[in-house]
Amino acid sequence: MGASTALRNYIDGAWSASTATTYLDVLNPATVETLATVPLSPAKDVDEAVQAATRAFVSWRRTPATERIQYLFKLKGLLEDQLDTLAQTITQECGKTIAESKGELRRAIENVEVACGIPMLMQGYNSEDIARGIDESMIRQPLGVTAVIAPFNFPGMIPFWFMPYAIACGNTTILKPSERVPLTMQTVMHLLEQTGLPNGVVNLVNGDKTVVDAILDHPLVRAVSFVGSTPVAKYVYSRAAANGKRAQCQGGAKNPVVILPDADIAMTTRIMADSAFGCAGQRCLAASIALTIGDARQPFTEAIAEVAQTRVVGNGLDNGVQMGPVITTQSQSRIEGLIQKGIDEGATVLVDGRQPKIAGCEEGYFVRPTVLQDVNPLSDIARTEIFGPVLSLMHLETLDEAIALINQGQYGNMACLFTTNGGAARKFRYEVEAGNIGINIGVAAPMAFFPFSGWKDSFFGDLHGQGHQAVEFFTQTKVVVERWQEWTRQF
Ligand code: NAD
């Protein structure tokens, strides 16, 4: 496939060829089949999209919120109708199983549903008589042009953490999907087109760092929502701030899970396997470290080894497959290298998932579930985000030690506890320095009406995605203080 068949950008309500001179092949990571060619758009394309979004903002912000959400109601219907097709696309470009793809789409739709509540969610408040005859009110107004920069691991869900709220609040937006998985958003844009959304309200520009930098430097872009790795999140946050923009930047993670001896080990193991190996471990809420306490060690170690060995790995499109490939050959090598590093640092491999042979997918980028035992809490592997299906086991004697270890970590995306003791659960919830806490839950993913609350190096900014915080992020407050002469005239 060449430039002539490359994916298009969607700018000002029209599909247009990028002015790119460089392109990237989009591969199915299970089969290594080329699915499409994506243009790496230059800054010029971003400027065109921003100009269109700026023009569209003039009338979009004047469109009543009750009218704006009608497009979202239509979008929800279309997403429901196209769920199977979209799930297929996600699986093809990203590798996860069809069930996982459908799961992420449900989360996308949930955000559309919540954003439909904008007429109430973006209301302000007022006080009469703050002094004699003077009233004061706060109203929320949209910002203008916003931008969403997404990672590869949830091609269907992550843009929806931001886009529905941005436009429901009266902003216009530019979407930049990951260049590794650009196909899902192509379909979503076609659905948005079918809703009759006015031209320029949502625009799509394909590309890589060049597009990101053009967004960050464009004077007409007011706010940037980013999700990706921590070094890039930090970079985007700094550059956006230096250019006077609002930014909310979600970064990487290294999520610890503590298992107390009183936990239901069978349930814990089932949930932990889904957390650590679901989506091939390429989830910012994947369990990465299992900290067993006291007598939990032996039963959990034996049980998790068993499920890791028996997990069905293959092409996510096939029935019965529980885990697909990782995204690229580079990811596969990086994950395998980190497993080796763990071994070099003193861990033992309880289950080794390197270099598997997957029938029918011999060329695919697979790493089978891997379990490392006796990982040294001070080693690099204990701190590095692996972003693959690798669970590191550590053992401690007390919950206090586990909490202290967790709180020394660089990241704060999620921490979970498995127990049947309410006091232990409360202590954990109270003391652990992470923004998303799971109690007997393996992936504590906030619903759309709660903020996605990463802490520490997992988030840069003040207002998180989703729910009320999204509404605050995508609006600016205006305070009006009013004095009127007393009414005396009679008609
Ligand atoms: P990434 O940081 O490589 O890319 C994210 C986005 O940034 C992409 O759109 C990419 O084109 C762009 N980009 C990449 N390098 C850039 C650079 N140097 N300058 C400017 N832009 C750049 O992340 P990824 O590999 O696509 O996604 C995986 C990462 O995302 C993991 O670290 C994962 O933990 C994280 N993630 C976090 C969350 C969360 O909610 N905190 C959710 C999903 C994924």
Task: Candidate set: the range 358-380, residues that are away from the ligand (no atom under 16 Å from the Cβ) and among the hydrophobic types (A, V, I, L, M, F, W, C); chosen: the one most open to solvent (accessible area, probe 1.4 Å) - done: Leu378
- [ ] Select from the range 204-263 the residues that are among the basic types (Lys, Arg) and within 16 Å of the chain's Cα centre (by Cα) and list them in ascending order.
- [x] Lys234, Lys254
- [ ] Return yes when Asp217 is closer than 21 Å to Phe473 by Cβ, acidic (Asp, Glu) and open to solvent by 20 Å² or more (accessible area, probe 1.4 Å) and no when it is not.
- [x] yes
Task: Criterion violated by Val211 - all others in (1) in contact with a Gly (Cβ under 8 Å, 6 or more places away or on another chain); (2) aliphatic (A, V, I, L, M); (3) within 14 Å of the ligand (Cβ to nearest atom); (4) not in a strand (DSSP E or B) satisfied - done: (1)
Open item on the list: Here are the criteria: (1) open to solvent by 10 Å² or more (accessible area, probe 1.4 Å); (2) touching a residue at least 12 places away in the same chain (Cβ under 8 Å); (3) over 24 Å from Asn153 (Cα atoms); (4) not in a loop (DSSP other than H, G, I, E, B). Tell me which single one Glu302 does not satisfy.
Closed with: (2)
- [ ] Please state which of the following conditions Leu391 fails to meet, knowing it meets all the rest: (1) in a loop (DSSP other than H, G, I, E, B); (2) closer than 30 Å to Val26 by Cβ.
- [x] (1)
Task: Extreme residue, nearest to Thr187 (Cα to Cα), among residues of the range 220-236 that are open to solvent by 10 Å² or more (accessible area, probe 1.4 Å) and of a type in the set (Gly, Ala, Ser) - done: Gly228
Open item on the list: Can you say whether Val58 is in contact (Cβ under 8 Å) with a residue 60 or more places away in the chain, surrounded by fewer than 18 Cβ atoms within 10 Å (Cβ to Cβ) and farther than 25 Å from Thr210 by Cβ, as far as the supplied structure shows?
Closed with: no
TODO: Output the qualifying pairs, or none if there are none: Cβ atoms under 7 angstrom, residues six or more apart or on different chains, first residue in the range 164-179 and part of a helix (DSSP H, G or I), second residue within 16 Å of the ligand (Cβ to nearest atom) and β-branched (Val, Ile, Thr).
DONE: Ala166/Thr146; Ala166/Thr173; Ile167/Thr173
Open item on the list: I'm trying to understand the selection: among the residues of the range 345-373, which are free of Cβ contacts under 8 Å to residues at least 24 places away in the same chain and not basic (Lys, Arg)?
Closed with: Asp352, Gln355, Glu362
- [ ] Among the numbered conditions (1) touching a Phe, Trp or Tyr at 6+ places or on another chain (Cβ under 6 Å); (2) in a helix (DSSP H, G or I); (3) not hydrophobic (A, V, I, L, M, F, W, C), tell me where Lys341 comes up short.
- [x] (1)
Open item on the list: Given the criterion closer than 20 Å to Arg68 by Cα, among the small types (Gly, Ala, Ser) and open to solvent by 10 Å² or more (accessible area, probe 1.4 Å), identify the matching residue among Gly133, Gly144, Gly200, Gly124.
Closed with: Gly124
Open item on the list: Let me spell it out: the conditions are (1) in the same structural domain as Glu128 (by TED's automatic domain parsing); (2) within 13 Å of the ligand (Cβ to nearest atom), and Pro451 meets all of them except one. Which number is the exception?
Closed with: (1)
Open item on the list: Just to be sure I understand the filter: pairs with C-beta atoms under 6 Å, separated by 6 or more residues or on different chains, first member in the range 419-440 and in contact (Cβ under 8 Å) with a residue 40 or more places away in the chain, second member charged (D, E, K, R). Which pairs pass?
Closed with: Thr419/Asp262; Thr420/Asp262; Asn421/Asp262
Task: Residues being within 16 Å of the ligand (Cβ to nearest atom), part of a helix (DSSP H, G or I) and free of Cβ contacts under 8 Å to residues at least 40 places away in the same chain - total across the range 239-276 - done: 4
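The values are calculated or read from the model by the stated rules, or taken from the named source; none is laboratory data. Fair warning: this is a prediction, and the values are worked out from it, not measured in the lab. Cβ atoms come from the backbone with ideal geometry, glycine included; neighbour counts cover every protein chain shown. For the accessible areas, the whole protein counts, side chains as well, though only heavy atoms, and no ligand, DNA or RNA atoms are used. Shrake-Rupley method; radii C 1.70, N 1.55, O 1.52, S 1.80 Å.
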